[in-house]
Amino acid sequence: MAYRGFMFKKGETGLHRLDPRVKFLISLVFVVCSLLFEELVVLAILTLAMVPLASKGGVLKEWLSTLKGLAFLAVLIFAINLVFIFFGSGKSWGFPAAMALRFVVVVSSFSLFFLVTAPDEFGLALQQSRIPFDVVFALTMAFRFVPVLALEVQSIADAQRSKGLELDSGNLIARIKRRIPLLIPLIVSSVKRSLEIAEAMEARGYGSGNPRTSLYKLNFKRVDLAVTVLTLAMLASAVYFRLCFSLPVFLGF
Amino acid sequence: MKTEMAAIEIRNLTYKYQNAEAPVLQNLNLTIEKGEFALVSGPSGCGKTTLCRCLNGLIPHFYGGELEGEIFVDGLNVRETPPAKLASHVGLIFQNPENQLFSFNVERDVAFGLENLGVPPEEIRRRVDWSLELVGISDLKDRAPWELSGGQQQKAAIACVLAMQPSIIVFDEPTSFLDPLTARGIFDVIAKLRRKLDLTVVVVEHRLEALAAHASRLILMDHGKIILNGEPRKILAEAAERLSLKVGIPSVILLHRRLSKLGILEGLTPLTTSEMAAQLRGVLNRD
Amino acid sequence: MIRLEDVGYVYPGGVEALRGVSLTIGERSSLAIMGRSGAGKTTLIKHLNGLLKPTSGRVTVDGVDTRKATVAKLSRKVGIVFQNPDHQLFAETVEDEVAFPLKNFGFPQDEIKARTEWVLELFNLTRYRKHSPLTLSGGEKKRVAMASIVSWKPKYLVLDEPTLGQDRENKLRLRELFEEFMEEGRTIIMVTHDVEFAAECGFDVALLVDGKVSALGSAREILSNVELLKKASLAAPQMAELFLELEGVEAQPVFTVEEAERLILSRLMSGSGRP
């Protein structure tokens with residue numbers, strides 16, 4: 001399922017141990033770089049540069065499945081851009097391709113981030129950046145319960161299909177109508193679940209009014225500092241490159 | 001404003017949920033002394049869960065509705081005390097273990113309540129380790145909730161509540177999602193905690209045969225009222241007589257009843273197979 | 001007849017839930033599938049109407065390979081009542097809820113009406129026919145869920161934990177329903193932890209341990225074997241435990257209070273307490 005490419009996978013690699021803020025920075029730099037360049041080769045290099053990272057983090061398989069999942073959307077973006085730009089302006093077909101690849105870089109870099117960052121560590125990082133706990137908690141809870149909800153959808157579909165409901169036949173309207181027997185139980189069980197969760201939170205002193213403390217504290221290690229410096233240096237050189245050189249034409253197709 | 005009173009004291013409690021037509025609890029009176037082990041049972045829809053919610057302040061603070069009468073828990077007036085404050089006096093364990101664990105590892109979840117109360121980190125660390133140890137799941141502290149079995153999840157939920165060091169713990173059908181032997185494991189934990197910590201324990205449960213022998217008191221509810229309340233042996237004997245279709249009366253008690261009626265057995269109502277076996281041996285081996 | 005031939009199933013995530021299950025479920029039979037949570041019970045029943053197709057091996061329903069038929073087609077014969085009624089109730093009224101599968105299966109209008117009435121009566125739900133299923137209590141919801149499947153009279157009725165949260169009275173009613181169904185030549189398969197109920201109904205028992213059938217036989221045979229029960233995380237019925245304590249491992253298997261009473265009386269009559 002699509003969300004798997006964004007679900008944290010436990011591990012003991014260097015990438016896992018890195019401070020979540022540093023990992024976020026790395027992903028962000030990938031995104032910024034992809035926005036700086038529209039040359040296909042650079043975007044391809046950016047994508048490929050993630051391969052050793054994913055492999056070091058032990059999540060190559062999951063990351064590749066994200067890429068696979070993105071393929072359809074990437075083709076769609078390519079097609080739309082092709083129609084509107086290529087035929088419109090007579091620009092090279094390389095541009096639509098670059099747009100599609102840029103999309104791949106942005107999404108897959110976040111996929112990589114979430115694959116090697118435990119959501120509660122991410123939450124902790126946000127919390128220490130003074131984002132209100134309620135917001136952070138809501139966010140980490142979403143991560144916690146996405147797989148649970150996915151399982152729930154599966155159970156509901158199983159139950160309804162066992163009563164003769166055929167989901168994949170007929171025209172679009174008929175198909176949408178046939179989703180109602182899935183939708184209502186899903187809403188009902190989700191409401192019930194959130195009520196139960198809220199009860200359990202309440203019973204454990206949530207919203208006590210006392211200033212909240214935290215068992216853990218993120219500490220920025222020397223290696224985190226080194227990686228940060230390295231990442232920022234790479235960003236700086238990318239910016240420098242962009243501003244001071246125009247890439248040879250053949251690189252940009 | 002804490003006064004010397006019973007662990008739980010409920011006077012003339014009537015409660016109606018918001019938008020409900022009829023009250024779920026009707027004129028309920030109940031006193032549970034400190035250190036008691038109260039077992040609550042009754043058919044589904046009898047108001048057991050609602051009663052649990054009244055004990056830790058979810059009713060009326062979370063659910064609203066109309067509450068009449070008085071509820072005192074650990075000397076605190078529930079109506080006037082917010083649930084967050086009640087949390088370190090009375091803990092509540094729910095049916096579904098999955099929905100009580102919000103984090104990505106057990107340790108974080110156990111810390112959650114203490115963090116909410118603003119307990120200093122060193123103290124949190126101490127209490128988290130202590131409660132995990134007591135429940136016997138120290139080795140699971142780094143596991144994610146979905147990597148645990150239902151029984152382990154429920155133990156983790158117990159540790160979460162225990163860390164807040166309440167003097168009363170209420171369990172609302174803690175084993176209804178678990179298989180029978182796993183359920184026994186949970187009951188063992190409950191019995192051990194009570195022994196070690198001198199807790200007051202209230203357990204809502206259908207599986208009377210596994211718990212009746214531990215309980216100091218059995219409370220049977222139906223239609224929002226307490227219909228029987230007292231020493232388990234006495235209550236079960238009475239319930240076997242007129243409630244056997246609604247309440248899961250342990251088979252040994254039903255058998256004892258039948259044999260007593262035939263004049264074969266004369267002893268006390270048994271709570272365990274061992275007690276029953278002892279009585280039967282007496283009869284069968286008499287020459 | 002439903003046949004499972006060396007069925008293995010691996011979930012997409014890589015979890016191996018079934019490892020070589022072979023089982024034949026004949027017509028007019030009754031089978032309880034028991035085992036600890038995670039042993040593969042629910043995975044197994046999802047194979048019976050083709051919701052899951054075996055990764056290895058083969059499942060056939062009356063000779064039809066489940067790989068070669070749609071779930072809708074197989075469900076007509078194999079009706080599964082899942083554990084959580086919240087996962088299937090969606091209609092505005094109880095009546096519509098029960099009629100939903102009948103419409104899916106293309107029953108004629110008057111037949112739908114007749115069957116709805118029949119099944120609501122059977123499950124003691126007639127007075128709720130115009131109510132929303134969502135307003136009912138847990139036990140009632142479970143009955144609606146069951147009624148909606150019994151409505152099309154599947155040849156094989158499969159139930160996942162039907163006694164969970166049901167009181168004695170409802171269990172007795174369920175047992176009567178099972179008997180009625182079997183008299184009509186249907187087959188009942190249930191997943192349960194309720195040892196006493198399985199024994200009382202006299203079902204055959206298939207004990208599932210780690211995705212394999214570790215024992216198969218009559219309820220008496222299987223459920224009196226303490227070692228087997230432990231492996232499946234089941235507790236022996238209290239009467240069985242009592243006689244185990246009284247007479248040791250050679251004790252006769254005793255499950256119900258009635259049996260226990262009879263046995264004790266016969267011991268007393270024969271004048272000797274010792275077996």
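The values are calculated or read from the model by the stated rules, or taken from the named source; none is laboratory data. As the structure is a computational prediction, the values presented were derived from the model and not from experiment. Using ideal geometry, Cβ is built from the backbone for each residue, glycine included, and neighbour counts are taken over all protein chains shown.
Please go through the stretch B:76-85 and give me each residue that is crowded, with 24+ Cβ neighbours inside 10 Å and modelled with pLDDT of 95 or more, ordered by number. Matches in the stretch B:76-85: B:78 only. At least 1 residues being β-branched (Val, Ile, Thr) and farther than 22 Å from residue A:17 by Cα is the threshold, and among the helices (runs of 4 or more DSSP H) wholly inside the stretch A:59-140 those reaching it are A:60-81, A:94-116. Can you work out which of the residues in the stretch A:171-211 that are within 24 Å of residue B:87 (Cα to Cα) and among the hydroxyl-bearing types (Ser, Thr, Tyr) is farthest from the chain's Cα centre (by Cα)? Looking at residues that are within 24 Å of residue B:87 (Cα to Cα) and among the hydroxyl-bearing types (Ser, Thr, Tyr), I get A:208. Of all residues in the stretch A:188-200, those satisfying the criterion of being at the interface with chain B (Cβ under 7 Å from one of its Cβ atoms) and of a type outside the set (Gly, Ala, Ser) are A:193, A:196, A:197, A:199.
Among the residues of the stretch A:217-253, just one is modelled with pLDDT of 90 or more and among the basic types (Lys, Arg), namely A:222. Collect the residues in the stretch A:175-187 that are surrounded by 17 or more Cβ atoms within 10 Å (Cβ to Cβ) and either assigned to a helix (DSSP H, G or I) or at the interface with chain C (Cβ under 9 Å from one of its Cβ atoms) (or both), keeping them in residue-number order. Within the stretch A:175-187, A:181, A:182, A:184, A:185, A:186 meet the criteria. Restricting the search to helices (runs of 4 or more DSSP H) fully inside the stretch C:201-260 and requiring at least 2 residues that are of a type in the set (D, E, K, R) and away from chain B (no Cβ under 14 Å) gives C:219-223.
Table: residues versus (1) of a type in the set (A, V, I, L, M, F, W, C); (2) away from chain C (no Cβ under 14 Å); (3) under 30 Å from residue B:166 (Cβ atoms).
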residue: A:149; (1), (2), (3): yes, no, no
residue: A:172; (1), (2), (3): yes, yes, no
residue: A:214; (1), (2), (3): no, yes, yes
residue: A:217; (1), (2), (3): no, yes, yes
residue: A:226; (1), (2), (3): yes, yes, no
residue: A:240; (1), (2), (3): no, yes, no
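Scanning the stretch B:99-116 for residues that are of a type outside the set (Ser, Thr, Tyr) and within 7 Å of chain A (Cβ to nearest Cβ) turns up B:99, B:100, B:102, B:104, B:108, B:111, B:112, B:113, B:115, B:116. Applying a threshold of 7 Å to beta carbon distances and a minimum spacing of six or more residues, or different chains, the list of pairs starting in the stretch B:254-273 at a residue that is over 16 Å from residue C:259 (Cβ atoms) and in contact (Cβ under 8 Å) with a residue 12 or more places away in the chain and ending at one that is small (Gly, Ala, Ser) and surrounded by 22 or more Cβ atoms within 10 Å (Cβ to Cβ) reads B:271/B:212. Take residue B:137 and tell me if it is more than 8 Å from chain A (Cβ to nearest Cβ) and within 16 Å of the chain's Cα centre (by Cα). So residue B:137 does not fit the description; no. Scanning the stretch C:129-145 for residues that are hydrophobic (A, V, I, L, M, F, W, C) and buried (at least 23 other Cβ atoms within 10 Å of the Cβ) yields C:144, C:145. All of C:216, C:242, C:207 fail the test of being crowded, with 23+ Cβ neighbours inside 10 Å and under 18 Å from the mean Cα position of the chain (by Cα), apart from C:207. For the stretch C:172-187, the count of residues that are within 12 Å of another protein chain (Cβ to nearest Cβ), over 13 Å from the mean Cα position of the chain (by Cα) and closer than 18 Å to residue C:97 by Cα is zero. Of (1) outside the structural domain of residue A:11 (by TED's automatic domain parsing); (2) farther than 29 Å from residue A:187 by Cβ, residue A:115 satisfies all except one. Which? Single failed check for residue A:115: (1).
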